[in-house]
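Shown next, in structure tokens, is the structure this report addresses.
None of the figures in this text is laboratory data; all of them are computed from the coordinates on show. Just so you know, these numbers come straight off a predicted model, no measurement behind them. As a convention, Cβ positions derive from the backbone with ideal geometry for all residues, glycine included, and neighbour counts pool all protein chains shown.
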Amino acid sequence: MRKIRIIFTGGGSGGHIYPIIAVAEKIKEIARKNNLELEMEFLGSAKNYQPILEGYGLSVKKITGSKIRRYFSLANFLEPFKFIFGLLEALVKVFFFMPDVIFSKGGPGSFSVVLAAAFYRIPIIIHESDAVPGLTNRLSAFFAKAVGVSFKSTLDFFGKKSALTGNPVRSDLLENRDEKEFAKRYWGFNPKKPLILVLGGSQGSERINDFIIQNSPEILKKYQVLHQTGELNYSQAKGELKFIAEHLNEEIKKGYQIVSYFKKDLKEALAAADIVVSRAGAGSVFEIASFGKPAILIPLSESAGDHQRFNAYQFSSFGAGLVLEESNLLPNVFTVMLKKILENKEKYQKMSELSQNFFIPNSAEMLAGEVLRIALK
């Protein structure tokens with residue numbers, strides 16, 4: 001039985017970690033069918049995601065991460081030292097594992113692993129989720145054998161070694177889905193009343209939280225809300241909602257639920273939603289699209305390279321959603337957008353179809369196949 005060793009690396013956000021999980025799961029599936037033995041590990045800055053990675057069978061080895069901030073900060077003076085230390089750690093840990101291939105998602109900490117792989121002449125595959133590549137992946141591309149991209153426009157950044165693969169979504173989100181009405185009952189909502197799912201990305205969004213909660217009395221007149229606040233913002237959001245809910249009747253209150261973070265039931269949340277209001281990280285955009293949901297995307301204005309805005313407008317120009325800039329995050333603008341999508345059945349159906357078409361369902365399979373093809377050379 002041929003044994004293959006694979007190292008995955010990437011920054012410590014959900015947008016890096018969950019696509020890695022999706023690809024790793026598909027690699028395991030292909031390996032079982034082809035009688036291949038696997039040894040896989042994650043090397044990088046896993047942060048809070050170590051238990052999740054280990055739960056999917058990836059051992060985790062940490063190295064010191066570094067990042068370049070695009071604003072003045074005293075912390076920037078420490079970054080060169082952190083990078084050198086992280087590179088030395090990567091050189092040692094890559095040497096002792098000596099993989100057949102490295103798969104990088106970019107982000108803080110991953111460039112050290114890519115450089116270590118290049119030093120040992122280990123083949124590298126990278127994947128770029130965003131419409132505008134991050135600095136790490138732009139640099140990593142010089143050493144990569146192949147580059148997968150989520151958005152067609154991103155092909156221009158990487159040339160002939162790149163291919164459109166879409167963004168991998170883990171299989172447990174794609175399989176055994178509930179019907180919308182059943183999923184609404186799962187959460188305790190009225191199955192006949194439209195449900196707005198609010199997502200702030202893996203970190204949550206204080207600005208979106210405040211806006212939705214403050215305008216909830218008006219929103220709840222026609223709609224229901226399932227709101228993911230982010231773990232750091234949960235207590236504050238819960239307090240704000242409790243104060244506002246004092247002025248609402250019990251029936252209306254039932255139409256608003258908040259959760260800190262969807263650890264295991266994101267599938268049920270997306271299945272239940274009629275529309276999604278979300279930040280525009282690539283992971284969120286493609287998870288929304290995988291369920292064929294129309295969306296109102298509110299890009300983070302401070303995102304690196306303005307990548308969330310580019311992601312949002314790619315999705316919008318495809319016809320699958322609308323973009324609401326933070327500068328226009330006003331009650332009347334938001335209400336008009338909701339009505340435009342939810343109160344026009346023909347438009348809603350068309351946007352749902354286009355959202356589904358935006359998603360490339362075999363993304364993880366394509367990337368997994370390429371990883372194994374290169375590893376077996």
In nm², the average projected area of the convex hull spanned by the Cα atoms of the range 133-247 is 10.5
Exposure proxy order (Cβ contacts within 10 Å, fewest to most) of Thr136, Thr335, Thr165: Thr335, Thr165, Thr136
At a temperature of 20 °C and a viscosity of 1.002 mPa s, determine how fast the range 173-358 diffuses translationally according to Stokes-Einstein, using the Kirkwood radius over alpha-carbon pairs as Rh; express D in µm²/s, rounded to the nearest whole number. 131
Quick one: which of Lys180/Lys339; Lys180/Lys293; Lys267/Lys293; Lys193/Lys340; Lys253/Lys345; Lys61/Lys264 span more than 18 angstrom between C-alpha atoms? Lys180/Lys339; Lys253/Lys345; Lys61/Lys264
Label model pair Glu346, Asn332: point-to-point distance (7 angstrom along the Cα→beta-carbon line) in nm is 2.8
Neighbour net charge for Asn34 - beta-carbon separation under 14 angstrom, K R +1, D E -1: +4
Would you mind estimating how fast the range 226-334 diffuses translationally, via Stokes-Einstein at 10 °C and 1.306 mPa s with the Kirkwood radius over Cα pairs, in µm²/s? 104
I'd like the distance between the alpha-carbon centres of the range 229-304 and the range 72-131, rounded to an integer number of Å. 33
When Ile126, Ile27 are ordered from fewest to most other Cβ atoms inside 10 Å of their Cβ, what list results? Ile27, Ile126
If N is the number of residues in the chain, what value comes out of its Cα radius of gyration divided by 2.2 N^0.38 Å? 1.01
Going by how many other Cβ atoms sit within 10 Å of their own, how do Asp274, Asp306 line up, fewest first? Asp306, Asp274
Where only C-alpha atoms are counted, convex hull volume of the range 1-142 per residue in Å³: 108
Which value results for Rg/Rh of the range 163-204 when Rg is the Cα radius of gyration and Rh the Kirkwood radius based on the inverse mean 1/r? 1.09
